[in-house]
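Working notes, structure below.
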Amino acid sequence: MSDKTYISDNIKKGLRRTTARSLIKAAGFMDEEINRPFIGVANSYTNIFPGHSNLDKIGQAVMDGVRMAGGTPVMFETIAICDGICMGTEGMKYSLPSRELIANSVETMAKAHGCDGLVLVASCDKIIPGMVIGALRVNIPTIIITGGPMLQGKFRNKLNDIGPVESLAKLKKGEITDDEFKHYENEACPGIGSCFGMFTANSMACMMEILGLGLPGNGTVAAVRAERMRMAKKVGMLVLDLVKKDLKPRDIVKKTTIENAIVIDMMLGCSTNTALHLPAIAGAAGLDIELDDFDRISKTAPQVCKLSPSGKHILDDLDFAGGVSAVIKQGIDAGIIDGSMLSVTMQTIAENVKNAVVYDSEVIHPLDNPYLKEGGLRVLKGNLAPLGAVIKIGGVDVKMYKHVGPARVFDSENAAMNALVDGKINKGDVMIIRYEGPKGGPGMQEMLNVTGYICGAGLDKDVALITDGRFSGASRGGVIGHVSPEAALGGPIAFIEEGDTIDIDLNSRTINIVIDDAELKKRQDAWVCPPAKVDSGWLAQYAYLVGPVSKGAQLLFNKK
């Protein structure tokens, strides 16, 4: 590959670049390494949470692969936030905004140090899309590998099927003892890897396969399996082939690619956060995707998998049942996925999955016998959410498909959580949590504490929740997020009053305040936006720049 001209030549070739070469040599690099292509290895390793605590080893395997293929790995790190750790605290406001900082850091490092290619080593919610957004901006040959899902814990020889917040609600109700509560806490996350269900981290890791940016198995091979390490080495080697062929992310990610991803999103029953991240990824590729695209596609793509938190299966089950490849092949065979789109294997998606087989039809249902005839996500509209709201319908009991009840209005997540813990929420209520959107939060907090407590208290079939914030992929029940426009932008959710009747109809895809137009207009005219919750620092900058959630909460200075 030495005869090829590289981007990195701009920083390392010629007499005038002597200072740069001197500094690189001071870091321990030899002339032979400097003369090879530079492959940026963007790694979000941190030792504070399990989804990322194995990424140092994954990153090392990637670098080994790069060296084996004749490249020079140039490692750098990005930040990484664990939503589960900061949930319910001020730190949660930084989670979604961190996606932009991660994208900026990947773009900055790759450009500043003249990387010829990139390998993204990431895991968990905002980090995966953040890195991909940065790579799409730089648009040099790129491949991603994620850290893999964890296995499921056990309690008294049974799979641990409730989370820590649900167990807290059961403890307060007297359904479990203090000792049992401690056991649930210890076994909820039994080891390394992203959370074991189809939560946001694993949803996005699976998206990388259909987007053509990750290898088959990227989304499902468990973190503890040696196959994950072998995949990392293969990725490190493969990126050199991408550099040689000059196959860039924007050659792979087209509008049809994103639409394919939404189909798989619907078939797998992924997290509602995909409705934030896929439009933002599309925006970085110069494409326009919004909630209406999710609504259109959801009507044609049935849900064939029902993984935790909506069902009993986990990512490891999906892997052994045939993986995402088997689901993709189902979609191609049915004509709802375009298999002609390219991938980092330098083959089409169809070629990647041509030998895929469904080994367990209970985990991956056939298309003629799906869990749901329509997709696992549903977009609702009405006078409460004129631009749309999102629900993971695959995780909703049929009893909640039609729900009419009184509004219980809270202007923050903490106020709502306090009401729940104090037993002030009754069956039939519709909890409204507002001023928690991207601008109003700021940062659009996830609300697993609230949704988990609703489930643990046994209210998930009787209480609905509507918010302009968002949910963890671990959430289930009649919980509706991403209400747009958000309250801080004067959306109708800001005008709801305590006791108003709220009408939710998932079959007709509607969400309404039962109020006449004149009264709604009167309230709108009288509304005054509350003062900003944060008026300095990065969050204040984010609140000023962030765009509508219906288009992925992209920063408004982003250009196509």
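The values are calculated or read from the model by the stated rules, or taken from the named source; none is laboratory data. This is a predicted model, so every value here is computed, not measured. Neighbour counts are summed over all protein chains in view; Cβ atoms, including those assigned to glycine, are modelled from backbone coordinates with ideal geometry. Accessible surface is based on the protein model in full, side chains and every heavy atom, while ligands, DNA and RNA are left aside. Shrake-Rupley method; radii C 1.70, N 1.55, O 1.52, S 1.80 Å.
Observations
- Compactness of segment 107-187 is given as radius of gyration and Dmax, 20.7, 60 Å, from Cα positions.
- Separation between Cα centres of segment 359-427 and segment 458-507, rounded to whole Å: 9 Å
- Report note on the peptides 380-387, 532-539: ranked by the mean count of other C-beta atoms within 10 Å, highest first, their order is 380-387, 532-539.
- Using a probe of 1.4 angstrom and keeping all protein chains present, the accessible surface of the chain works out to 38 square angstrom per residue.
- ³J(HN,Hα), Karplus 6.51/-1.76/1.60, whole Hz, each residue of segment 309-321, x for Gly, Pro: x, 7, x, 8, 8, 10, 4, 5, 4, 4, 4, 6, 7
- Sorted peptide list for 517-530, 499-512, criterion being average Cβ within 10 angstrom, highest first: 499-512, 517-530
- Of all accessible heavy-atom area on the chain, the percent that carbon and sulfur account for (1.4 Å): 52 percent
- DSSP bridge orientation in the chain - percent antiparallel, rounded to nearest 5: 40 percent
- Segment 454-495 - Rg (one decimal) and Dmax (whole number), Cα, Å: 11.8, 34
- For a straight C-alpha distance cut-off of 26 angstrom, the lysines reachable from LYS13 (same-chain residues fewer than eight places away being disregarded) are LYS4, LYS25, LYS111, LYS244, LYS245, LYS248.
- Between GLN524 and LYS399, the simple spin-label model (points 7 angstrom out along Cα→Cβ) gives 3.7 nm.
- Three-way shape label, segment 288-412, alpha-carbon gyration tensor, a/c 1.5: prolate
- Mean projection area, nm², convex hull over Cα of the chain: 25.5 nm²
- Cα principal axis extents for segment 236-354, largest first, Å: 44, 33, 26
- Each residue of segment 529-534 was assigned a 3J(HN,Hα) from its phi angle through the Karplus expression (A = 6.51, B = -1.76, C = 1.60, θ = phi - 60°), giving 5, x, x, 4, 6, 10 Hz with x at Gly and Pro.
- For segment 297-341, average projected area of the Cα convex hull in nm²: 3.7 nm²
- Neighbour net charge for GLY147 - beta-carbon separation under 11 angstrom, K R +1, D E -1: +1
- With helices as the sole contributors, the chain gives -11000 deg cm²/dmol at 222 nm; each DSSP H run of n ≥ 4 counts as -39500 (n - 2.57), and the sum is divided by every residue.
- For segment 1-156, the spread of Cα positions along each principal axis, largest first, Å: 64, 33, 26
- Net +/- balance of residues flanking VAL363 in space, Cβ distance below 13 Å, scoring K and R +1, D and E -1: -3
- Against the main long axis of the alpha-carbon atoms of the chain, helix 323-333 sits at an angle near 80°.
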